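Asker: Structure below; questions to follow.
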Amino acid sequence: MSDVVTLTLPSDAELASAVMRGGADGSPPAEAELVRRFGRRVRLYGRSRLRDDSAVDDLVQRVMLVVLVKLRAGEVQAPDRIDSFVLGTARFVTRELSRAGKRDTPLDEDHEGHPFALDDTRADPLAQQSLGACLEALAARDRAVVALTFFHDQSATEIGDALGMQPGHVRISRHRAIARLRTCMGLGAEEVAA
């Protein structure tokens, strides 16, 4: 009779937690395994949305860099949901890469590869202030729906679970809130029943 050795690999959440515990230096073995696991997933996601292999490579590098930087800084609130964080980051970076000229932007250390940082030449401070004021004018529940949708990349079902709403009601609330924001920002009013 031979002895069977069972090898238990750490879960995604355990790897993310190990990187967070490593602080600014991270945990090289955990980071390498995290990049290996999620790099493949991000690559598959990118292949279905980007035109060429170099853009897909860029996507994988940018996403994994952002994920590692955020984990090292302890800024990932739910390491047990690291898969959702990686997917949300991949969605954001894909949109950025799809915009004109973004594919040619170098990934340098000064910018730390952080696609969430606003470029001062693109950002309009008055528009940002106006958006902030318009968000504050929304009802608390509508503001929460918008924030969970666009800042936390949650689905209608996830938002409904968090706020005690049916997914259909979440979608209606989101639609009406966006219409109110568009009107408030002067981007074209849409007739929405109150």
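The values are calculated or read from the model by the stated rules, or taken from the named source; none is laboratory data. Everything numeric here is computed off the predicted structure, so don't read it as measured data. Every residue, glycine among them, receives a Cβ derived from its backbone with ideal geometry; neighbour counts consider all protein chains shown. Please note that ligands, DNA and RNA were not included when accessible areas were found on the heavy atoms of the full protein model with its side chains. Shrake-Rupley method; radii C 1.70, N 1.55, O 1.52, S 1.80 Å.
Asker: I'm checking my understanding of the structure. Among residues of region 153-179 that are outside any helix (DSSP H, G or I) and within 21 Å of R95 (Cβ to Cβ), which one is modelled with the highest pLDDT?
Answerer: Top of the filtered list is S155.
Asker: Collect the residues in region 55-78 that are in a helix (DSSP H, G or I), free of Cβ contacts under 8 Å to residues at least 40 places away in the same chain and not basic (K, R), keeping them in residue-number order.
Answerer: V56, D57, L59, V60, V63, M64, V67
Asker: Taking the stated definitions as given, is T89 crowded, with 18+ Cβ neighbours inside 10 Å, at pLDDT 85 or above and either β-branched (V, I, T) or touching a helix residue (DSSP H, G or I) at 6+ places or on another chain (Cβ under 9 Å) (or both)?
Answerer: Yes; evaluated as a whole, the condition is true for this residue.
Asker: Restricting the search to region 153-175, which residues are under 19 Å from C134 (Cα atoms) and open to solvent by 50 Å² or more (accessible area, probe 1.4 Å)?
Answerer: Within region 153-175, I172, H175 qualify.
Asker: Restricting to region 128-152, name every residue that is in contact (Cβ under 8 Å) with a residue 40 or more places away in the chain, open to solvent by less than 50 Å² (accessible area, probe 1.4 Å), outside any loop (DSSP other than H, G, I, E, B) and of a type in the set (A, V, I, L, M, F, W, C).
Answerer: Once the filter is applied, which keeps residues that are in contact (Cβ under 8 Å) with a residue 40 or more places away in the chain, open to solvent by less than 50 Å² (accessible area, probe 1.4 Å), outside any loop (DSSP other than H, G, I, E, B) and of a type in the set (A, V, I, L, M, F, W, C), region 128-152 yields C134, L135.
Asker: Consider region 28-54. How many of its residues are among the aliphatic types (A, V, I, L, M) and outside any helix (DSSP H, G or I)?
Answerer: Matching residues across region 28-54 total 1.
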